Every structure is written in structure tokens, then in C-alpha cells.
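Notes for the one structure printed next.
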Amino acid sequence: MKNRVTVLHGMLPDLEEYLKKSGWKIETSVGDYEVLRARRAGYPRPLLIHDRASGGCGYSIDERDMKVYQGWQRNRRRRGLDPYSYTREEWEAYWAGVTSSKKKGEKDESV
């Protein structure tokens, strides 16, 4: 588990959608650093994605799960998206969620 591959900020929702379409069941995350946990029948362990708080460069996926990661990259390439970088829409959606001080469903009464 020492070696990890980075998933950039903003690309996590796309990876989660890919996993769902590929037959993975998304489970509740455990702990402070785990941001995504998924299981699939026949796969030896859960797929775990952690927040890389120390570097701030994105999320990390275990190198043992490289085939799943490469499948997601192929899927992005087939859809015409850069598999190594986020789209402008992904980046803006990520930062809109990070910089928002209100929680989902709350009204912004600061105006």
C-alpha cells in the first residue's frame, strides 16, 4: 500500500460514476482520509480512495488497483476527455463545493 497513484481533485465524481457503471457497489467511507470505498463481487478487497491532505494534490488510489484506474482512464479517453487532467467543468464544480460555506440545501442569507 506504500505506492499510490494520484487522482486529481475534481475527477472523483467521474471515477465514482465509472465504478457504478462497471458494477461496483459504493459503500460508506471509513475514517477521516477515506473519500471513496467500493466493492465488487469477485474482487479480492475493497477499492479505497484516500484524500492526500499532506500534499494537497488530489486523491490517492492503491497501486494494486492499477487495472481499475487504467480502465477508468480508457473510459475517459473514449469519451474524448483527457485521462490525466480534469475538465474545466470538473474543476469549477470541485472548487464551488470547496469554497461554499453553506451546506447542501441551506439558503445563502449573507446577502
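Tell me, what is the 1.4 Å probe accessible area of Asp51, in Å² to the nearest 10?
Accessible area, nearest 10 Å²: 60 Å².
Stick to the Cα atoms of segment 46-85, pair each with every other, and give me the Kirkwood hydrodynamic radius in Å at one decimal.
11.2 Å
For Tyr94, Tyr84, Tyr69, give me the order by solvent-accessible area with a 1.4 Å probe, most accessible first, ignoring ligands, DNA and RNA.
Tyr84, Tyr94, Tyr69
For Ala41, put the label point 7 Å out on the Cα→Cβ axis and report which residues of segment 1-33 keep their amide N under 13 Å from it.
What the label zone holds, given the 13 Å backbone N cut-off, is 23-25.
Starting from the 7 Å offset along Cα-to-Cβ, what nm value, one decimal, do you get for the label separation of Glu92 and Ile26?
Result: 2.2 nm between the two label points.
Between the DSSP loop rule and a limit of at most 11 other Cβ atoms within 10 Å, which trypsin sites (Lys or Arg not before Pro) in segment 41-86 are left?
The qualifying sites are Arg79.
Going toward the positive end of the dipole of segment 1-73, with +1 on Lys and Arg Cβ and -1 on Asp and Glu Cβ, which of Ser60, Thr6, Trp24 do you reach last?
So the residue we want is Trp24.
With every protein chain left in place, what is the accessible area of Glu89 in Å² (1.4 Å probe, nearest 10)?
It works out to around 130 Å².
For segment 33-46, what does the Karplus curve 6.51 cos²θ - 1.76 cosθ + 1.60, with θ = phi - 60°, yield as ³J(HN,Hα) per residue in whole Hz, taken in order and with x for Gly and Pro?
Working through the residues one at a time gives 9, 7, 10, 8, 9, 9, 10, 9, 4, x, 8, x, 7, x Hz.
Could you sort the peptides 4-10, 37-43 by per-residue average Cβ neighbour count (10 Å cutoff), highest mean leading?
Going from most to least packed, we get 4-10, 37-43.
The values are calculated or read from the model by the stated rules, or taken from the named source; none is laboratory data. Nothing here was measured: the structure is a model prediction, and the numbers come from that model. Every residue, glycine among them, receives a Cβ derived from its backbone with ideal geometry; neighbour counts consider all protein chains shown. Ligands, DNA and RNA are excluded from the accessible area calculation, which covers all protein heavy atoms including side chains. Shrake-Rupley method; radii C 1.70, N 1.55, O 1.52, S 1.80 Å.
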